[in-house]
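These notes concern the structure reproduced below.
The values are calculated or read from the model by the stated rules, or taken from the named source; none is laboratory data. Values in this document were obtained by computation on a predicted structure and should not be read as measured data. So basically every Cβ, Gly included, is an ideal-geometry build from the backbone, and we count neighbours across all protein chains shown.
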Amino acid sequence: MTNYADYAYYTDTYKGAVIDTASSFLRYSAKATQTIKLNTFGRVDKDNIPEEVKMCCCELAELIYRHETTEDNGNIASEKVGEYSVSYVAKDIQEKSLAEKKQDILSNWLAMTGLLYRGCI
């Protein structure tokens, strides 16, 4: 499988600094590439990948990386100091939030490319 962006593109063009190793980026860009494929119905030409797709791949890779590596996924719903208490956002709400963020990124980068067109009016 060919990822839509490589580590050199991520660091040199996208100017990403969140994912610090090429091997980690490979893993998360593969997940990002799959997300893009699912939402574009595989219409991206792997021999001529548009800049918007590469940028989208990088931003999605960072989002997925942050989601999977942040301790407790950073989803604290409330925290109390006196007699310390913490409550977290439910897992299904976390997943819904991640899906919404993915859709925002996809729309931001790919809305004007025609790649998200589903054939409906």
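For the reader, a short list of remarks on this structure follows.
- Entirely in the range 1-71, the helices (runs of 4 or more DSSP H) that have 3 or more residues that are touching a Phe, Trp or Tyr at 6+ places or on another chain (Cβ under 8 Å) and either of a type in the set (S, T, N, Q) or in contact (Cβ under 8 Å) with a residue 40 or more places away in the chain (or both): 22-40, 51-69
- Screening the range 101-121 for residues that are exposed (fewer than 10 other Cβ atoms within 10 Å of the Cβ) and either of a type in the set (V, I, T) or modelled with pLDDT of 70 or more (or both) and picking the one that is farthest from P50 (Cα to Cα) gives I121.
- Of all residues in the range 44-72, those being within 17 Å of Y117 (Cβ to Cβ) and either surrounded by 13 or more Cβ atoms within 10 Å (Cβ to Cβ) or small (G, A, S) (or both) number 5.
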